[in-house]
Structure formats: structure tokens, C-alpha cells
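No value in this document is a laboratory result; all are computed from the given coordinates. Since we're looking at a predicted model, the values are computed, not measured. Methodologically, a virtual Cβ is constructed for each residue, glycine included, from the backbone with ideal geometry; neighbour enumeration extends over all protein chains shown.
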Amino acid sequence: MAEKPWDGRFAEKTDKHVEAFTASIAYDWRLYPYDIAGSIAHCKMLAKVGVISDEESVLLVEGLGTIKRELDRREFTFDDSLEDIHMHIEARLFQVAGKVAQKLHTARSRNDQVALDVRMYLREEVRQTIDLLQQLKVVLVDMADGHLDVVMPGYTHTQRAQPVLFAHHMLAYYEMVKRDQARFCDCLKRINVMPLGAAALAGTTYPIDREYTAKLLDFPEISPNSMDAVSDRDFAMEFLSAASIAMVHLSRFSEELVLWSTAEFGFITLADAFATGSSIMPQKKNPDIPEIVRGKTGRVFGSLVALFTLMKSLPMAYNRDMQEDKEPLFDAVDTLKACLQINIQMIPRITVNRQVMRKAASVGFLNATDMADYLVNQGMPFRKAHTCVGNAVAYALGKGIELDQLTLEELKQFSPLIKADIFDRLTLEYMINRRQSAGGTATENVIRAIADARRALNSETPA
Ligand code: ARG
């Protein structure tokens, strides 16, 4: 069992069960690259202000470099008696660099150290997430661009409502992903604040230079209040909120893919390489990727709720409860990235069954609103036109046909305003292309939206 850096005032050794219960090394080892980078910056700062000598700083930095390489190669044994990654590295530094290691923790506490590590970890992961969202945006715009001629039913209440372009539907997800990305960019600003130097909670008596540490670690600002610095996990909750919203979007998309790939819809076919089979039913091809993405959404919400609950009753400043922030945070980061990555791979391989979509848009009176609009254009008030077309729908339903399959004479029974030109107005292309209001599904709007998206994608430097 290793000696503990804090056991000076203890009369008996820590119970083994306590060590196992309180240790976080099983998961916080992942923070090691940031812990070591933070310690190196701390050493350099201590030397700069004269708290340690330059020679001592060099020895410490070299030792930390050796430990980093050991950890990179996974040549490092973890031991619960050393609790967490911070104490493991410090203890190993003593073995590697000798007595000078005992100076590393001057003007620092694990409380500000762990806050730094988590911020550096999350900063890196958020940058990667923003990059993945960028790739997803490209994939969605490509899907829209490649299927500009595909008409599908748009739904409300999961009932066929009005025809839309499939490209318009894809661009709706592009907008969601764009907002997700903006949320992560925004939350990155508040992650990117340097807490080291807060020490345990009150700051330190040493003449430290926090701005210098921040500069070495590429932080644009330092935390202004030492108590807040060690007790704040808002940045993690904010990340989890943004992650949860992004997962809602991925989950809704997944739900549509699951529905669309059923025999009942038949709108899309997933690539064989991105589907799985059944161990009993030889005919099955299952949409397991979107199903698992939909399922994993709950996990990310769980992490958000875990952190909210963890933090909600904590008095200032650091409390050990906060060690429990890591597993949910790590899990949410891994889950979100995995879901984004698989979608980026899977979406371009989807086959869009354009004839099936078109047929579905042609059946079920999706042109009823347009017939009412036709009557309005002839001078009828909209409410009256609505009733008039409703009557025509009821009549056509009785005959088992569509509005555009009624004869002109039959249509005229519902209003004498209806002329032969009505039939042109009820075609899919006409209906789509009449919806030119800003943000509507008209082909020219969608073409413009794709061009705007491409321009934005080419000019963006997201993070
Ligand atoms: N493993 C701890 C955590 O994750 C590090 C900080 C411990 N600080 C302390 N005073 N016990 O929160």
C-alpha cells in the first residue's frame, strides 16, 4: 500500500473498504494528459515567480514527461490506496524525480487541480464534438442536394398533411444541428476559464501568477473568484444540456429512419452494412443503428439529471460528492460522439425510395389546402373555402378516390368558382413550388437554402 500524502494527522491506516469506496482512479485516469499538462504549467509558473528554482522546475517537468509516456503506453499500475489520478501521478513523480516531487503541490489543491483537469478534458471533447457536428451538417446538406427532385408527404400528428421536398426535410435537421453546434460553441466559452490557483477554496499565500499559467495552458481567462472556481460545475451541466438537446435531435431523426425503413412506409432502405439481422427470423433486416441511437438518448438525459441532482444541494465550496461528476460526464461525451460518428457514416449510405415517397404524397388529400387556397384566390373567404373543400373531401372519400380524380362537374357542385385550371393547381410540383414564403418548401427556396448552407459551411471555422 502506498503512503498517502494526507495521512500525517491520521492514527490508523485507511480501511481497505474505504479505499475501494472512495477511489476514483478506475475512471478518472482518463484525465491524465490534462493533469500532467496542468502540472507542467504549474511548475513553470512556480519557477517564474521564484517559489521553486529553475533547476527544480526542469526536474519536475522532465519527470512528468516520463510519467506521461508511461501512461500513454499503459505501463502504469493503479492502486485504490492512491485514490485518484492526481495522487497517482504525484506519487510516481517521487519515484521518478526524487524529493523535488514534494514541491509540485505547492500553492495548489486537488480541488482546483480537478477543476482544471475536467475543464481541459471537456474543452478538447467539445472541440471534437463541434467538428463532428460540422461533418454531420455536410452530410445532411449533401443528402438534400442529392435528392432535390424527391417529393414526400409532410406530416403533422403523424398524418399526411402537405407535400414537401425530401431535401426540405433534411435541411430541417441541418438547422437543428446548426443550433446544436452553436450551443456547444457558446458553452465552450464558459468551459475555457482557468481555475488553477484557487487552491483549496480561498486562494494561496504564494505570489503565484495565474495569468501566466492560463497563457501556458491556452486559456483566454482565469476564474475571478476562488470559491466559485473550485465549486462550479455549471460548465459541465451546460455541456450536458447541449448534449441532451443534440441527442433529442438525433433521436427524432432515428425515429424517422426506423419508421421510414418499415414495410409500411418503405421510404428508405438502409445499407446492408449499416443494418443487422435477426438470430431467428432469416428474412429480417433491422434498423439497429437508429434504434440504439434512440435508446442511448436516455443515457445522456440520465447524465444531465445525475449532475443536476449531484449539485443542487451542495454548500460551497468543494465537496467530495463532486467526484461523482466524472462518470456521467465521460459517458455522455462518449455516447454523443459515438452517435454522431455512426450517423455521419450511415446517412450517406441511405437509399431514398423516391417513387414510394411520391406515391405516398399523391394519396390522402394532401392537396386539400391548395384547393382551398385556389378558392380564396377566386375571392372566397378562407374559412368558407375550408368547409367547401372539406365537403368535397367527404364526397371523394365516399367514392374512394382523390380530389383530383373528381370530374370538373363534380367539383363545381362544391363551388361554381372552380374552373378547369384547378387540376393544374393540384399537382405535387405546383403545390410545392407555390410555397415560396420565406422558409417554405418551394424548390427555388430549397436550392437557395442549400447554397446558403454550402457558403456557410465553406466559410466557417466553428471552434
Ligand atoms: N478525486 C477528487 C474529485 O474528483 C479530486 C479532488 C479531491 N479533493 C479532496 N479534497 N478530497 O473530485
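What percent does the relative contact order of the chain come to when contacts are Cα pairs within less than 8 Å and at least six residues apart?
16 percent
Please give me the summed charge of the neighbours of THR427: other residues whose Cβ is under 13 Å from its Cβ, Lys and Arg +1, Asp and Glu -1.
Taking every other residue near THR427 into account, the sum is -3.
How much length is gained on full extension from GLU255 to LYS99, taking 0.36 nm per residue of separation minus their Cα-Cα distance?
The span from GLU255 to LYS99 would gain 50.2 nm if fully extended.
Name the long-range amide H neighbours of VAL164: under 5 Å, sequence gap of 5 or more, or other chain; modelled H, no Pro or chain starts.
MET152, GLY154
So how do HIS88, HIS42 line up by other beta-carbon neighbours within 10 Å, fewest first?
Least to most surrounded, the residues fall as HIS88, HIS42.
Which shape class applies to segment 205-342: rounded if a/c is under 1.5, otherwise prolate when a/b exceeds b/c and oblate if not, where a ≥ b ≥ c are the square roots of the Cα gyration tensor eigenvalues?
prolate
Kindly list the residues of segment 171-203 that lie in the label zone of ASP334, defined by a backbone N under 19 Å from the point 7 Å along the Cα-to-C-beta vector.
Those under the cut-off are none; the list is empty.
My understanding is that a pair violates if its Cα-Cα distance is over 27 Å; which of LYS137/LYS312; LYS16/LYS337; LYS137/LYS296 do that in this structure?
LYS137/LYS312; LYS16/LYS337
Whole-Hz ³J(HN,Hα) for each residue in segment 396-405, computed from phi via Karplus 6.51 cos²θ - 1.76 cosθ + 1.60 with θ = phi - 60°, x for glycine and proline: what do you get?
In residue order, the calculated couplings are 5, 4, x, 8, x, 10, 8, 4, 6, 9 Hz.
7 Å from Cα along Cα→Cβ at both GLN413 and ILE280: what's the point-to-point distance in nm?
5.3 nm
Report the net charge of residues surrounding CYS339, where surrounding means a beta-carbon distance below 11 angstrom and charges are Lys +1, Arg +1, Asp -1, Glu -1.
For residues surrounding CYS339, the net value is +3.
Net charge within 13 Å of LYS48 by Cβ-Cβ distance, Lys/Arg positive one each and Asp/Glu negative one each, not counting LYS48 itself?
-1
Which of rounded, prolate or oblate describes the chain when judged by the alpha-carbon gyration tensor and an a/c cut-off of 1.5?
prolate
What is the fewest-to-most order of LYS103, LYS16 by other Cβ atoms lying within 10 Å of their Cβ?
With the sparsest Cβ surroundings first, the list reads LYS16, LYS103.
For segment 372-378, take each phi angle, set θ = phi - 60°, evaluate the Karplus expression 6.51 cos²θ - 1.76 cosθ + 1.60, and give the result in whole Hz per residue in order, putting x for glycine and proline.
With coefficients 6.51, -1.76 and 1.60, one gets 5, 4, 4, 5, 4, 5, 8 Hz.
Obtain the nm distance between the two label points defined at ASP149 and GLU211 by a simple spin-label model: each point lies 7 Å from its Cα along the Cα-to-C-beta direction.
Here the answer is 6.4 nm between the modelled labels.
If each residue's Cβ is checked for other Cβ atoms within 10 Å, how do VAL141, VAL51, VAL356, VAL363 rank with the fewest at the top?
VAL363, VAL356, VAL51, VAL141
Please identify which residues in segment 18-38 have an amide N closer than 16 Å to a label point set 7 Å out from the Cα of GLU324, following the Cα→Cβ vector.
Once the point is set 7 Å along Cα→Cβ of GLU324, 21-24 turn out to lie under 16 Å by backbone N, inside segment 18-38.
Here are some pairs, LYS178/LYS359; LYS44/LYS189; LYS178/LYS285; LYS68/LYS99; which of them have Cα atoms lying more than 22 Å apart in this structure?
LYS178/LYS359; LYS44/LYS189; LYS178/LYS285
Assuming a ≥ b ≥ c are the square roots of the Cα gyration tensor eigenvalues, decide whether segment 251-313 counts as rounded (a/c under 1.5), prolate (otherwise, with a/b larger than b/c) or oblate.
Because a/c hits 1.5 or more and a/b exceeds b/c, segment 251-313 counts as prolate.
Using 1/(1 + (r/R0)^6) with R0 = 25 angstrom and r between the beta carbons of PHE265 and TYR430, what's the FRET efficiency to the nearest 0.05?
0.50
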